[in-house]
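The next block holds one structure in the form of structure tokens; read it before the comments.
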Amino acid sequence: KSTSTNFSSLLHCNMAAALAQPTTYGCSPALLLSSKAAPSSAAAVAARSKSAPGESSVVSDVVVHPIVLLSVLDHHTRRQEGAGRVIGTLLGKRDGDRVEITNAFAVPHAERGDEVAIGKDFNRQMLALHLRANPRETVMGWYATALPDENDPNGESKCIADTSSLIHDFYAGECDDDPIHLVVDTSLQTDAIALRAYKSTPVCIKNEPLANMFNEIRLAVKSSESERICIDRMIGSNSTEGASTNEDETAALQVSMEKLLEMLETCSEYVDKVVDGTVSADDEVGRNISEVLNSVPRIRPEVFDKMFNDSLQDLLMVTYLSNITKTQLTIAEKLNETLGK
């Protein structure tokens, strides 16, 4: 299978990115010594290296949720033609030496030689929107896909590029603590998608930061109950044995409703017989029936109809907006292909 086919079988969400007033950042390279570094970035590295001991524990474990991986893969499949890799912002929370990455969004950027342009305004706007929906999340770092190595005959990819240090210093100013760098290998050299997490350590000589060294830390993938259900559903829909059609789902719903109706009729018949005196009353059964009935909210028919219609209108609106978004993305891709030619 081609790379795009393998990715499209995993993704069911849409993301769009626009480069708004990019800002260029420069600093020392990653894992390489440099004789020249931009003062602002060097100061940021020095500030992190001189932080008071015990101020914050060192991160030793990173937990990533599946939604983050799907967002990264979706961003990779929608990258511009000729783009080497994609980057984005990681959101989550930190508990001591453990960081949990629960969300992510794409950030437009461009790499030209030793310079990197990052959509700073776009990142700030997207972060503000995400914080409105999830105020407890904070910026934990950034992600990137592995950069293809043109000099490698086996087609291996580089997890850390020379420009990774430039981007890392930008996110050092966006995070409260040292940022986490998540790398997703999308080369598909094996049957698995490799994930790696890194933290940066400045390499200093005579208190002068000359490079950034990225050290790999432990990483695990953890899914919540809702994410597990969605993933199981996605895996089942791609297999021939577990695939189910809409007709099968409708039939299963009809069977469950018939069973529910049968149980209601059984309870109603039992209550009628107790009232008539043909069956002796059982206090335990009566209490169970009373608890079940009390757990059902009492809603007038007209109120229920209004709630149902409102929810239906919301669903139709979301479907309409999704179709518009898909159409706009398709038009944008066609325009990019036409202008590129």
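What the table shows:
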| read-out | value |
| --- | --- |
| Electrostatic dipole magnitude of region 183-341 [Cβ: Lys, Arg +1; Asp, Glu -1; Cα centre; debye, to 20] | 1400 |
| Bins of 10 Å, starting at 0 and running to the largest distance - Cα pair percent for region 57-146 | 16, 46, 31, 7, 0 |
| Solvent-accessible area per residue, Å², over region 71-191 with all protein chains present [probe radius 1.4 Å] | 46 |
| Tail fraction, Cα-Cα pairs, region 183-326, threshold 23 Å, whole percent | 73 |
| Relative contact order of region 179-333, defined on C-alpha pairs under 8 angstrom at six or more residues apart (%) | 9 |
| Equivalent-ellipsoid semi-axes of region 80-198, from the Cα gyration tensor, Å, largest first | 25, 17, 13 |
| Accessible carbon and sulfur surface of region 256-328 relative to its total accessible area, %, 1.4 Å | 61 |
| 3J(HN,Hα) from dihedral phi, region 88-96, Karplus parametrisation 6.51/-1.76/1.60, rounded to Hz, x for glycine, proline | x, 9, 9, 10, x, 8, 10, 10, x |
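The values are calculated or read from the model by the stated rules, or taken from the named source; none is laboratory data. It should be emphasised that the depicted structure is a prediction, and the values quoted were computed from it without experimental measurement. Cβ atoms come from the backbone with ideal geometry, glycine included; neighbour counts cover every protein chain shown. The protein model used for the area step is the full one, side chains on, heavy atoms only, and it has no ligands, DNA or RNA in it. Shrake-Rupley method; radii C 1.70, N 1.55, O 1.52, S 1.80 Å.
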